[in-house]
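The values are calculated or read from the model by the stated rules, or taken from the named source; none is laboratory data. Because the structure is predicted, anything quoted here is derived from the model rather than measured. Neighbour counts run over all protein chains shown; Cβ positions are idealised from the backbone, glycine included. For the accessible areas, the whole protein counts, side chains as well, though only heavy atoms, and no ligand, DNA or RNA atoms are used. Shrake-Rupley method; radii C 1.70, N 1.55, O 1.52, S 1.80 Å.
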Amino acid sequence: MTGEPWGPSADGLDQPYWDGLTRGELRLQRCGNCQTWIWGPQWVCGSCHTLDPNWESVTPTGTVYSWSRSWYPFITELADRVPYVTVLVELPEAGHRRVLGILTGDDTDAIRIGDPVVGHIEHDEGATWPLLRWRRSTEGAQA
């Protein structure tokens, strides 16, 4: 267990997600039987009930499905970042599954639902595990 409020769960279910971030990849589960994308991590596919879904790399591009501006640092690591914007990003390449992350960049005040974003992985100094962050994209999201 690390001193951070993030990282792999005690049961190891999401370990491949964190290992992927360490390698510079966003990984989500996908059922090998019915090909359904799964997020958050599960032991069993909710669609066909197959055990042991696989982990696959996904291009971290998508659109803002929802967002929230926080003025309170819920964890000490965010104390110098308030206000910050949390985005729920829909990933077209992953069956439109949605993942959370912090929006970075100079234009967070202008964020809107539907904006294209691209993910990047940050490894804070002294942290054991990296985090997925998002930036607005001028290129547009993949359809």
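Things to note:
- The lone exception for ASP109 - which of (1) surrounded by fewer than 12 Cβ atoms within 10 Å (Cβ to Cβ); (2) in a loop (DSSP other than H, G, I, E, B) it fails: (2)
- Restricting ARG133, ARG98 to those that are assigned to a strand (DSSP E or B) and closer than 15 Å to ARG81 by Cβ reduces the list to ARG133.
- Selection over the range 37-53 of residues that are open to solvent by less than 80 Å² (accessible area, probe 1.4 Å) and either over 17 Å from LEU100 (Cβ atoms) or without any contact (Cβ under 8 Å) to a residue 60 or more places away in the chain (or both) gives a count of 10.
- Boolean, ARG98 is touching a Leu at 6+ places or on another chain (Cβ under 6 Å) and surrounded by fewer than 18 Cβ atoms within 10 Å (Cβ to Cβ): yes
- Of all residues in the range 114-128, one or more are farther than 18 Å from TYR17 by Cβ, more than 15 Å from the chain's Cα centre (by Cα) and modelled with pLDDT of 95 or more.
- The C-beta contact set for the range 64-90 (first residue open to solvent by less than 40 Å² (accessible area, probe 1.4 Å), second residue among the acidic types (Asp, Glu), distance under 7 angstrom, 6+ apart or interchain) comprises VAL64/ASP115.
- Any hit, the range 26-47, residues being out of contact with any Asp or Glu (no Cβ under 8 Å at 6 or more places or on another chain), in a loop (DSSP other than H, G, I, E, B) and among the aliphatic types (A, V, I, L, M): no
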